[in-house]
Amino acid sequence: MKSFSLKERALIGLTLFSMFFGAGNLIFPPFLGALAGDSTFLAMTGFAVTAVIFPILGVAAVARSGGLTTLASRVHPAFAFLFTLLIYLSIGPCLAIPRTAGTSFEMAIAPLFTGDGAMTGTFMGFEAGVVAQAVYSVAFFLLAFTIALNPEKLTQRLGKITSPTLLTLITILFISAIIHPLGDYGAARAPYDAAPVVRGFIEGYQTMDTLAALNFGLIIAMNIRAMGVKTDSGVVRETILAGFIAGLLLITVYLALAHIGAEAGGAGLTGENGAQTLTGVVIQQFGHAGLFILGAIFFIACLNTCVGLLSCCSNYFRDTFPILGYRGWLTVFALTSTAIANAGLTAILKFSVPVLVGIYPLALVLIILAFLHPFIGNMRFAYPVTMLFTGVAAVTAGVSQAGFKLPFLADFFASMPLASQGLDWVVPSVAGLTVGVVLSLVMPRKA
């Protein structure tokens, strides 16, 4: 049985890291540090749970369970189909894939059309910035489409080329902050001045990595098989090891970015979001030439994630809806994402928040249940009742986030412990597991 060398495992781990590490992973840690100040370490502890630990556990859970559909089927086959479809649509053409182009355009190209010396004018009646975004999104997705045509070769392309380049550029930023400190950590500001660990936990949702983790394992397994590991047990082992390597890289980079952000906050360079924080940092350290470094970082990070998402979504839809093959679905998603990306980053982010609030808790709880499976696997009500209670709470919160209020349910879950901190699903989840276990003991499976 083939076993990977340390170098081969590092390449697989780098590939998985590059698929995880997109725009959100760049934006949120520095902004967290800028606001958390001297509570940055506490906030990062919570952030690491949902942005590092759960994604890696998700990769392991799916690998051990034989795939997301198999894992979700422990709840119910109908739930498996609907939940998996929603996951792929949210991390795919509806939200995450268009966001990669939108975010990289905002950071790498949009500054050319704003502020002093901006490029202005019109083309066929459209403003220069609108035309530039359309051209950029077409070129961006054409490049991502080309790379994703051979998903089994992502290790050679992402692991060997783009991921090391990305890490090198981020290292340059970190070293500059060490050599020329921007300032001391300031006092924690809202919302991190109270319960910074919990706030960091919630902020980790925005990376969307736990959702992506439930799907990236398929592409990583494909690359592992292409490198010579053929047995199922060997693929599972190497997938889990790749997850640990990716997790170590993620937490290292997050801590570096949070440190940069904390110094920036102390120096008054916070801005309104993490992108503005990093912009202030690179201008302070490198002058306006630093914007080219930052633009390159965002472009590479977004491209890596886009390729990974296009690959896993196209594989899923090929197997689930075989009316089109892999390349057919890849073309559909690239074209659809190009169109949605031109709606603008603000519109995409506004739509994504209620969707994440409604789906993310379900993913977290399903991963937890996967690791409790040795104890609850024979309890027929444990999975479905737990996910039912969690789902009602999460969907209610998501609908409320979208501006609608479900009668009775919204007020009921708002009164739950931890609800004020965005964790109104925790108590229902625990209650659902308890009820499910009790029902299973009272009404066991028939022999």
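The values are calculated or read from the model by the stated rules, or taken from the named source; none is laboratory data. Everything quoted here is computed from the prediction, not taken from an experiment. Please note: Cβ atoms are built from the backbone with ideal geometry, for glycine as well, and neighbour counts cover all protein chains shown. SASA here: full protein model, heavy atoms, side chains in, ligands and nucleic acids out. Shrake-Rupley method; radii C 1.70, N 1.55, O 1.52, S 1.80 Å.
Annotation: S429 carries an accessible surface of approximately 10 Å², with a 1.4 Å probe and no ligand, DNA or RNA atoms counted. The calculated 222 nm mean residue ellipticity attributable to helices in the chain amounts to -23500 deg cm²/dmol, summing -39500 (n - 2.57) over DSSP H runs of n ≥ 4 and dividing by all residues.
With the Cα gyration tensor of region 15-77 giving a ≥ b ≥ c as the square roots of its eigenvalues, does the rule (a/c under 1.5 for rounded; else a/b larger than b/c for prolate; else oblate) give rounded, prolate or oblate? Since a/c reaches 1.5 and a/b is larger than b/c, the shape of region 15-77 is classed as prolate.
Of all the C-alpha pairs in region 40-110, what % are more than 17 Å from each other? Each step should come with its number before you reach the end.
Details: 1590 of 2485 pairs.
Taking all Cα-Cα pairs of region 40-110, the fraction more than 17 Å apart is 64 percent.
Over the chain, accessible surface divided per residue gives 42 Å², non-protein components excluded, 1.4 Å probe. Work out the FRET efficiency for F371 and A431 from their Cβ-Cβ distance, taking R0 = 25 Å, and round it to the nearest 0.05. Efficiency for this residue pair is about 0.80.
The trypsin sites (Lys or Arg not before Pro) of region 373-447 that meet both conditions, a loop assignment by DSSP and at most 15 other Cβ atoms within 10 Å of the site Cβ, are K405, R445, K446.
Per 0.36 nm of contour for each residue apart, how much would the distance between L85 and L409 grow if the chain were fully extended, relative to their Cα-Cα spacing? Don't jump to the answer; show the numbers that get you there.
Numbers: separation 324, 0.36 × 324 = 116.64 nm, distance 2.56 nm.
114.1 nm is the gain from fully extending L85 to L409.
Potential lengthening of the chain between L324 and V197 amounts to 41.2 nm, from the contour at 0.36 nm per residue minus the alpha-carbon distance.
Modelled spin labels at I179 and V438, positioned 7 Å past Cα toward Cβ, are 6.4 nm from each other. For the residues A341, A363, A414, a GNM of the chain with alpha-carbon springs under 10 Å puts the largest fluctuation on A414. Measuring nothing but protein heavy atoms, the accessible surface of the chain at 1.4 Å probe radius is 70 percent carbon and sulfur. Measuring from centroid to centroid over Cα atoms, what is the spacing of region 152-227 and region 279-300 in Å? Each part reduced to its Cα centre gives a spacing of 17 Å.
With the radius of gyration and the Kirkwood radius both derived from the Cα set of region 195-245, what is their ratio Rg to Rh?
Working: Rg = 14.9 Å, Rh = 12.6 Å.
When Rh is taken as the Kirkwood radius, the ratio is 1.18.
Taking only the Cα atoms of the chain, the radius of gyration and Dmax are 21.9, 77 Å. Take the Cβ-Cβ distance between L418 and V353 as r, set R0 to 30 Å, and report the resulting FRET efficiency rounded to the nearest 0.05. So, using R0 = 30 Å, E works out to roughly 0.95. Take L149 and A190, extend 7 Å from each Cα along the Cα→Cβ direction, and tell me the distance between the two endpoints in nm. If labels sit at L149 and A190, their model points lie 5.3 nm apart. An ellipsoid equivalent to region 374-447, defined through the eigenvalues of its Cα gyration tensor, has semi-axes of 29, 11, 9 Å when rounded to whole angstrom and sorted largest first. Taking Q421, Q206, Q276 in turn, the Gaussian network model of the chain (Cα-Cα springs below 10 Å) assigns the largest fluctuation to Q421.
Highest GNM mean-square fluctuation among F298, F412, F371, for the chain modelled with Cα contacts below 10 Å: F412. Cα convex hull of region 291-384: mean projected area in nm², to one decimal? Averaging across all directions leaves 9.4 nm² for the Cα convex hull.
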